[in-house]
Amino acid sequence: MRELQLGNSSNWEIIHNANVSAVILSKEGGGYKSVPIPEISIAVLLDVFVLAVRVSTIVPEGRTWRFAGHIKQSVSTGISAFDNQDASFNTKRPLFLDKINLVLYPKISTNYSVSIKLPDWFENAGVAVWRYTGIDQDADLTRIEAKIDAL
């Protein structure tokens, strides 16, 4: 069982906090079209496997939006193909609007990066990402190691 101290606010460090906007293009004859916000790469190489993410946006009056996009994890594999050395996991984790989304990744690599894809209909958004800096240990492994040490 994984043990974390999530409730201690000093165990969290903000690593990304930005507002983004779609490009708005005028249409001939009036009105506008928005170009979707591109995928947001979080420009920090991560070595901890617990993140918190919050996405906010202005929801049009009369609408109810709950979905805020996906977060995707990428790791470096050393395989070089098509000028890219990163592999992405097929599993994208959903994010919920105006909630702090807790993201727990398995420890399979020494470091990784993440990116966030917002829904195409968002015209603006605030995106904040925190990394967990507290204790992250496997209680079962600790118990087994203690038994081995006792032998």
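The values are calculated or read from the model by the stated rules, or taken from the named source; none is laboratory data. Just so it is clear, the structure is predicted and the values come from calculations on it, not from any experiment. So basically every Cβ, Gly included, is an ideal-geometry build from the backbone, and we count neighbours across all protein chains shown. Please note that ligands, DNA and RNA were not included when accessible areas were found on the heavy atoms of the full protein model with its side chains. Shrake-Rupley method; radii C 1.70, N 1.55, O 1.52, S 1.80 Å.
What are the residues in segment 87-139 that are part of a strand (DSSP E or B) and among the small types (Gly, Ala, Ser), if any?
Across segment 87-139, the qualifying residues are 87, 88, 113, 115, 125, 126, 128.
Of everything in segment 18-65, what is within 30 Å of residue 134 (Cβ to Cβ), open to solvent by 60 Å² or more (accessible area, probe 1.4 Å) and of a type in the set (Gly, Ala, Ser)? Give them in sequence order. Walk me through how you get there before you give the answer.
Kept after step one, since they are within 30 Å of residue 134 (Cβ to Cβ), are these residues of segment 18-65: 18-20, 39-57.
After this cut, where a residue has to be open to solvent by 60 Å² or more (accessible area, probe 1.4 Å) as well, the list is 19, 39, 41, 43, 45, 47, 54.
The answer is 41, 43.
Is there any pair linking a residue in segment 79-107 that is farther than 23 Å from residue 136 by Cα to one that is open to solvent by 70 Å² or more (accessible area, probe 1.4 Å) and modelled with pLDDT under 70, with Cβ under 7 Å and at least six apart or on different chains, and which?
Going by the 7 Å Cβ cut-off, the qualifying pairs are 79/85.
For residues in segment 104-120 being modelled with pLDDT under 95 and among the hydrophobic types (A, V, I, L, M, F, W, C), which is least open to solvent (accessible area, probe 1.4 Å)?
114
Applying the selection to segment 58-74, what residues are in contact (Cβ under 8 Å) with a residue 12 or more places away in the chain and either in a loop (DSSP other than H, G, I, E, B) or of a type outside the set (Gly, Ala, Ser) (or both)?
58, 59, 65, 66, 67, 70, 71, 72, 73 - these are the residues of segment 58-74 that are in contact (Cβ under 8 Å) with a residue 12 or more places away in the chain and either in a loop (DSSP other than H, G, I, E, B) or of a type outside the set (Gly, Ala, Ser) (or both).
Can you find a residue that is surrounded by fewer than 17 Cβ atoms within 10 Å (Cβ to Cβ) and modelled with pLDDT of 95 or more anywhere in segment 72-91?
no
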